[in-house]
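The values are calculated or read from the model by the stated rules, or taken from the named source; none is laboratory data. Computed from a predicted structure; not experimentally measured. When we count neighbours, we look across all protein chains shown, and the Cβ atoms used for this are built from the backbone with ideal geometry, even at glycine. For accessibility, only protein heavy atoms count, side chains too; no ligands or nucleic acids. Shrake-Rupley method; radii C 1.70, N 1.55, O 1.52, S 1.80 Å.
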Amino acid sequence: MKQPPHPILYSFRRCPFAIRARYVLTYSGVSWEHREVVLRDKPASLLQLSPKGTVPVMQLPDGTLLEESSDIMRWAVRQEDPENWYGSQKQATDEWIRANDEEFKPLLDGYKYPQDKALSQLEYRQLAINWIDKLDAHLANGFILGRPTLADAALFPFIRQFRAVDADWFDEHLNPLVINWLERHVTSPTFTAIMVKLPQWQPGDAPLLF
Ligand SMILES: N[C@@H](CCC(=O)N[C@@H](CS)C(=O)NCC(=O)O)C(=O)O
């Protein structure tokens, strides 16, 4: 039987932006054709579509290009949003995503790659912890906005990366609320499904459908 056309997703397994896109696509029940990218060897077709050269990038069957993970997540929940992750509290959700991307991500980068940065690694770690403290204050019900929303899906991949720098230190020093919130996401069947290891996509490969 002929398959319907699928959106094509250029993705990289460990990229937190790509993780959140795949996580929300899976939640929405959208299937896509997956193209696994190696960042130091990006395919020409990706660079032609999107010269800025970041992943994730998704091309819809009508040719529309989504070049930002936040656009991919929002497109996915417009297709289907079974638990109402984005139906209400849109403004608060958007604000958490903005704060993560603009405020927390630079601190995470400073902690992960402290070479040639303005502050020391420990100073970045402290600033990141101060930011995560604000998140803790919202996690009393287990979710950032009191119930599951797009904000949880959009943020946890970044906190996961922060933990990965020194997992023992994280588990010893962080608030159990954030530890449990992260644990719940990274042990979910959705996360397991989107983190399978895949070979680099090559032009001419048979479509790999998710
Ligand atoms: N604002 C973009 C950021 C995406 C991004 O920075 N992705 C990284 C990987 S995590 C990337 O592709 N970097 C390009 C490179 O390393 O060559 C989004 O939300 O999609």
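Looking only at residues of region 66-86 that are of a type in the set (A, V, I, L, M) and within 17 Å of residue 6 (Cβ to Cβ), we find that the one that is most open to solvent (accessible area, probe 1.4 Å) is 66. Assess whether residue 13 counts as being within 8 Å of the ligand (Cβ to nearest atom) and of a type in the set (Lys, Arg). When the stated conditions are applied, residue 13 does not pass them.
Considered as a group, the residues in region 143-159 that are open to solvent by 10 Å² or more (accessible area, probe 1.4 Å) and not hydrophobic (A, V, I, L, M, F, W, C) include one that is nearest to the chain's Cα centre (by Cα), and that residue is 148.
Does residue 100 satisfy the condition of being touching a residue at least 24 places away in the same chain (Cβ under 8 Å) and either in a helix (DSSP H, G or I) or buried (at least 16 other Cβ atoms within 10 Å of the Cβ) (or both)? For residue 100, the condition - touching a residue at least 24 places away in the same chain (Cβ under 8 Å) and either in a helix (DSSP H, G or I) or buried (at least 16 other Cβ atoms within 10 Å of the Cβ) (or both) - is met.
Within region 55-74, the residues that satisfy the criterion of being in contact with a strand residue (DSSP E or B) (Cβ under 6 Å, 6 or more places away or on another chain) and not charged (D, E, K, R) are 55, 56, 57, 58, 59, 65, 66, 72. Looking only at region 1-29, which residues are in a loop (DSSP other than H, G, I, E, B), under 16 Å from the mean Cα position of the chain (by Cα) and either hydrophobic (A, V, I, L, M, F, W, C) or crowded, with 19+ Cβ neighbours inside 10 Å (or both)? Result: 12, 15. Out of region 54-65, which residues are outside any loop (DSSP other than H, G, I, E, B) and either under 15 Å from residue 19 (Cα atoms) or open to solvent by less than 10 Å² (accessible area, probe 1.4 Å) (or both)? Selection gives 57, 58. Only one of the listed residues (50, 31, 45) is polar (S, T, N, Q), out of contact with any helix residue (DSSP H, G or I) (no Cβ under 6 Å at 6 or more places or on another chain) and closer than 22 Å to residue 149 by Cα. That residue is 31. Against the list (1) under 18 Å from the mean Cα position of the chain (by Cα); (2) away from the ligand (no atom under 13 Å from the Cβ); (3) part of a loop (DSSP other than H, G, I, E, B); (4) free of Cβ contacts under 8 Å to residues at least 12 places away in the same chain, the condition residue 78 fails is (3). Is it fair to say residue 85 is part of a loop (DSSP other than H, G, I, E, B), closer than 23 Å to residue 189 by Cα and among the hydrophobic types (A, V, I, L, M, F, W, C)? Spelling it out, residue 85 is indeed part of a loop (DSSP other than H, G, I, E, B), closer than 23 Å to residue 189 by Cα and among the hydrophobic types (A, V, I, L, M, F, W, C). For region 54-75, the candidate set comprises residues that are over 20 Å from residue 97 (Cα atoms) and of a type in the set (A, V, I, L, M); within that set, the residue that is farthest from the ligand (Cβ to nearest atom) is 60. Just so you know, in region 26-42 the residues that are in contact with a strand residue (DSSP E or B) (Cβ under 7 Å, 6 or more places away or on another chain) and more than 10 Å from the ligand (Cβ to nearest atom) include one that is nearest to residue 108 (Cα to Cα), and it is 36.
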